[in-house]
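Nothing in this text is a laboratory measurement; each read-out follows from the coordinates by a stated rule. Quick caveat, the model's predicted, so the values are computed rather than measured. Every residue, glycine among them, receives a Cβ derived from its backbone with ideal geometry; neighbour counts consider all protein chains shown.
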Amino acid sequence: MARKLKPYQTSLGFFDLAVAAPSMKAALEAWGADSNLFHQGAAKQSEDPDVIAATMAAPGVVLKRPVGSSGPFKEHSELPTSLAGDNISKKAGSSSVRRKPQKQPKRATDQAADRKAALAFEQEQERRERERAKEEAAQRKERERRQKAVDAAQSAFDAARREHEKNASDIQAQLEALEERSQAEEARWEKEKARLEAALRRARG
């Protein structure tokens, strides 16, 4: 049976984030948080009626607004055009005197609405999983493409190196053969020269 959704709120980077999820763990997963923001005091279950209404209208969808603002949470929110220090200090000052939201009376349990919201959350979670799987498949395909290119380049390099080594070996063998022929020719010439010099001396008397 699907669990009842609850509105959770936190701040990450330049945005306040909110999401309707069945548990704190599910909220952290939806936000993509790598640490437990609830234990750190950086996240909480919201009791703001506007936050409750916005998140329950889009279960599982991460809604956001510029950090420190009191505007509505939206799926796509832009940063404020001015982030000057005086504006920030004004916001900080105003937040200190901002009245606390009145705690709303607990709503009557609407099982049908709860089931519908939980189903919507599960569908959004499945959509995120499909997107993540699609991204992982694309990354895997790109890694395989790069590996094929590396393998092809490595194969061409290895083939060229083997051809060079063979050519160098053939040239070295030819050089050694020429050296042997040269030494043999020098030895033959020394003998022939000695014989001819002796004959020349005899002819001169």
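When the GluC sites (Glu not before Pro) in the range 115-161 are filtered for DSSP coil states and for at most 10 other beta-carbon atoms within 10 Å of their beta-carbon, no site remains. Compared with the direct C-alpha span, the chain from GLU78 to GLU135 gains 18.0 nm at full extension, assuming 0.36 nm per residue. With 31 Å as the limit on Cα-Cα distance, the pairs of LYS4/LYS64; LYS25/LYS116; LYS44/LYS141; LYS64/LYS141 that go past it are LYS44/LYS141; LYS64/LYS141.
Would you please classify the overall shape of the range 1-72 from the alpha carbon gyration tensor, given that a ≥ b ≥ c denote the square roots of the eigenvalues, rounded means a/c under 1.5, and beyond that prolate means a/b larger than b/c while oblate covers the rest? Oblate. A straight Cα-to-Cα reach below 14 Å connects LYS74 with the aspartates and glutamates ASP16, ASP50, residues fewer than 8 places away in its own chain not being considered.
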